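The values are calculated or read from the model by the stated rules, or taken from the named source; none is laboratory data. What you see is a predicted model; the values in this text were computed from it and never measured. Here the Cβ positions follow ideal geometry from the backbone for every residue, glycine too, while neighbour counts run over all protein chains shown. Surface accessibility is based on the protein's heavy atoms, side chains included, excluding ligands, DNA and RNA. Shrake-Rupley method; radii C 1.70, N 1.55, O 1.52, S 1.80 Å.
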Amino acid sequence: MPFIDHIGVDQIYGPFVLLKGATDVGFGELAQIRMGNGSFRLGQVVLTSEDATLVQVFSGTSDLVPESTAVRFLGMPLEMKLSPSIIGRVFSGLGEPRDGCGPVYSSLSRDVNGSPLNPMARIYPRNFIQTGISAIDVLATLIRGQKLPIFSGNGLPHNRLAVQIANQSQLVGEENFAVVFAGIGVKRDDAAYFMEELFEKGRAKNMVVFLNLADDPVIERIATPRFALTVGEYLAFELNMHVLVIMTDITNYCEALREVGVAKGEVPSRKGYPGYMYSDLASLYERAGVLRGIQGSLTQIPILTMPNDDITHPIPDLTGFITEGQIVLSRELDSRGIYPPIDVLASLSRLMKDGIGKGYTREDHPNLASQLYASYSRVQDVRALASVIGEDELSQIDISYMDFGKSFENTFIKQSYDEDRDIGESLDIGWKLLKMLPRSELTRVTVKEVEERLSR
């Protein structure tokens, strides 16, 4: 059936083109918009009825003239061409090559919106992914198939942390590990930083990068994570690789949702965001997992900046409902020069307990993590007390906790940007720190563990 060009549109506003008289058009269908000068732009159907069709133009509607604009519906959704050769490549937010290496030649294409995973086909995530960062590996362990977001704030080093995780992460004992990195609405200097660190200093041979810039049309921002996840699913479920998808910054994605929703005339919900933002975020996050009978897996680390450092803001709030925990960055630790500034007491990995210990990390990991967490929690109480009565009035045990807290932050949490610690090294640092406390305070580790680890 030949494609029909609809010459002239009825209305152009914001990123949308409205036309009447189009038939047999489906929701989400790809459209080709031809300008008066003969150049083309891509769009997608976002609303359709018997009377009119609304097309969202990815590159914006500037320079479009209603009378001379032609629309051709292509009868297919937005797709990404897939091939093993995409590993090591850099793409735009719409899946177009950004590295100068030409298009992807393949007969295989996939709808970027993905397909819902059958819950009965999922298996429970296990096996930890080593990031080389002690505060994550020991206290908020990332599990293969998990979705574990990072909650940050403006000005905090989340981009630096994202690059470090991308370069260092590995599934111990597995060679078929890949990283898909998606920059959503990033500034040009951040994009240049990602390119330099990931490709000139990183491991480009098993990485795919998508970069959507802040000055790209806002519509592209909504498509970028879907392209990245489509590539991740292909590598994981068709090439049997273990894939880590890192997406930064989800806040920019949600801002794009709000902007497009306002342009479409939708009724806003909390803070002006669309009411369907929960289900929209879930459509991204729930694409992670491990499937029965398939060797590969897909793990997600979405990164978001909390507006005004408000963890109750709709974006982190809804993300927390969908994902399995969170890693929170602390502005107070960052101000003291501690990198990565991970607030271990506010951070949590809900799947951690089933992917650590004997057969996964090390037998002493669960009890050691519990003891470190409890001891550092006690440090906060002692610091609060010291701020009232002064450090000179503290008991000897409280003083030991003060010393433990300083060392914990400066030797366990703090590590250099290029320091890649394996899990055994991180656990040993934790035991070394516990030597600073009286043995009577070590109530969450066994006597056998104390004798074996602290007598060394």
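Quick one: how many Å² of residue 25 are accessible to a 1.4 Å probe, rounded to 10?
Number for this one is 30 Å².
Residue farthest toward the positive end of the dipole of the chain, with Cβ of Lys/Arg at +1 and Asp/Glu at -1: which of 384, 25, 125?
Sorting the options by dipole projection puts first 125.
For region 164-208, what's the relative contact order in percent, using C-alpha pairs closer than 8 Å and at least 6 residues apart? List each step's numbers first, then the result.
Details: 20 pairs, mean separation 23.4, N = 45.
Here the relative contact order equals 52 percent.
Using each residue's phi in region 377-385, evaluate 6.51 cos²θ - 1.76 cosθ + 1.60 at θ = phi - 60° and report the 3J(HN,Hα) Karplus result to the nearest Hz, with x for Gly and Pro.
So the Karplus estimates, Gly and Pro as x, are 5, 5, 4, 5, 5, 5, 5, 5, 5 Hz.
Using a cut-off of under 11 Å, list every residue of region 35-71 whose amide N is near the label point 7 Å from the Cα of residue 27 along the Cα-to-beta-carbon line.
46-49
Which FRET efficiency value, to the nearest 0.05, do you get for residue 428 and residue 18 by plugging their Cβ-Cβ distance into 1/(1 + (r/R0)^6) with R0 = 60 Å?
Between residue 428 and residue 18 the formula returns 0.40.
Below 11 angstrom from the Cβ of residue 36, what's the summed charge of the other residues (Lys, Arg +1; Asp, Glu -1)? Kindly include the intermediate steps, with their values, before the conclusion.
On the way: positive: 34; negative: 63, 67.
Charge balance in the 11 Å sphere: -1.
Counting pairs of alpha carbon atoms under 8 Å apart in space and at least six apart in sequence, what relative contact order in percent does the chain give?
Relative contact order here is 16 percent.
Tell me, what is the percent relative contact order of region 315-456, built from C-alpha pairs under 8 Å that lie six or more residues apart?
Relative contact order, region 315-456: 24 percent.
In the chain, what % of DSSP beta bridges are antiparallel (nearest 5)?
Working: 39 of 69 bridges.
Close to 55 percent.
What longest region of the chain stays clear of GluC sites (Glu not before Pro) that DSSP places outside H, G, I, E and B and that have at most 12 other Cβ atoms within 10 Å?
By the stated rule (loop sites, at most 12 other Cβ atoms within 10 Å), 176-456.
Can you work out the FRET efficiency for the pair residue 443 and residue 280, with r the C-beta to C-beta distance and R0 = 60 Å, to the nearest 0.05? Intermediate results must be reported in sequence, preceding the final value.
Values: r = 45 Å, r/R0 = 0.75.
Efficiency, rounded to the nearest 0.05: 0.85.
Highest first, please rank the peptides 301-308, 270-277 by the mean number of other Cβ atoms sitting within 10 Å of their residues. Mind dumping the intermediate values first?
Numbers: 301-308: 21.4, 270-277: 15.8.
Highest to lowest by the protection proxy: 301-308, 270-277.
Take the alpha-carbon centre of region 248-299, take the same for region 67-86, and report the distance between them in whole Å.
Here the answer is 22 Å between Cα centres.
Can you pull out the trypsin sites (Lys or Arg not before Pro) in region 295-389 that DSSP calls coil and that have at most 14 other Cβ atoms within 10 Å?
The qualifying sites are 336, 350, 358.
Label points 7 Å out from Cα along the Cβ direction at residue 267 and residue 105: separation in nm?
Label-label distance for residue 267 and residue 105, simple model: 5.4 nm.
Leaving out ligands, DNA and RNA, and with a 1.4 Å probe, what % of the accessible surface on region 178-245 is carbon or sulfur?
49 percent
So for the pair residue 403, residue 336, with labels modelled 7 Å out along Cα→Cβ, what separation do we get in nm?
In this crude spin-label approximation the distance works out to 1.7 nm.
When the chain is fully extended, how far beyond the present Cα-Cα distance does residue 416 get from residue 200, taking 0.36 nm per residue of separation?
On the way: separation 216, 0.36 × 216 = 77.76 nm, distance 1.90 nm.
Extra length available between residue 416 and residue 200 comes to 75.9 nm.
Give me a comma-separated list of calculated 3J(HN,Hα) values for region 363-370, in order, Karplus coefficients 6.51, -1.76, 1.60 applied at θ = phi - 60°, integers in Hz, x for any Gly or Pro.
4, 7, 4, x, 5, 5, 4, 5
Find how much the distance from residue 74 to residue 311 grows on full extension, using 0.36 nm per residue of separation minus their present alpha carbon separation; answer in nm with one decimal. Mind dumping the intermediate values first?
On the way: separation 237, 0.36 × 237 = 85.32 nm, distance 4.25 nm.
Residue separation times 0.36 nm, minus the Cα-Cα distance, leaves 81.1 nm.
Within the accessible area of region 325-446, what % is carbon and sulfur when the probe is 1.4 Å and the other protein chains stay in place?
With neighbouring chains kept in place, the figure for region 325-446 is 49 percent.
Please give the net charge around residue 18, taking every other residue with its beta carbon less than 13 angstrom from that of residue 18, where Lys and Arg add +1 and Asp and Glu add -1. Can you show the working numbers first?
Numbers: positive: 20, 264; negative: 10, 51.
Once all neighbours under 13 Å are counted, the net charge is 0.
For the chain, what does the accessible surface come to per residue with a 1.4 Å probe? Please give it in Å².
On a per-residue basis, 43 Å².
What is the percent carbon and sulfur in the accessible area of region 54-126, measuring with a 1.4 Å probe over the protein chains and ignoring ligands?
55 percent
How do 34, 287 rank by accessible surface area computed with a 1.4 Å probe, from largest to smallest?
Solvent-accessible surface, decreasing: 34, 287.
Please work out how much accessible surface residue 160 shows to a 1.4 Å probe, ignoring ligands, DNA and RNA, in Å² rounded to 10.
100 Å²
Please report the spacing between the Cα centers of region 115-169 and region 389-451 in Å, no decimals.
24 Å
Compute the angle between helix 396-407 and the longest alpha-carbon principal axis of the chain, please, reported from 0 to 90 degrees and rounded to the nearest 10.
With rounding to tens, the tilt is 40 degrees.
Taking every alpha carbon pair in the chain, what does the distance histogram look like in 20 angstrom bins from 0, in percent?
That works out to 23, 50, 21, 5, 0, in percent per bin.
Checking the table 147/406; 20/264; 81/264; 406/432 against a 24 Å threshold on Cα-Cα, which pairs fail? Write down the numbers at each step before the final one.
Working: 147/406 31 Å; 20/264 17 Å; 81/264 30 Å; 406/432 14 Å.
Pairs exceeding the cut-off: 147/406; 81/264.
What shape does region 188-292 take by its C-alpha gyration tensor, where a ≥ b ≥ c are the square roots of the eigenvalues and a/c under 1.5 counts as rounded, a/b above b/c as prolate, and the rest as oblate?
Values: a/c = 2.96, a/b = 1.40, b/c = 2.11.
Judged from the Cα gyration tensor, region 188-292 comes out oblate (a/c at least 1.5, b/c at or above a/b).
Among bridges DSSP assigns within region 149-294, what percent are antiparallel (round to 5)?
For region 149-294, the DSSP antiparallel bridge percentage is about 5.
Which of rounded, prolate, oblate describes region 260-335, given a ≥ b ≥ c as roots of the alpha-carbon gyration tensor eigenvalues and a/c under 1.5 marking rounded, otherwise prolate only if a/b is larger than b/c?
oblate
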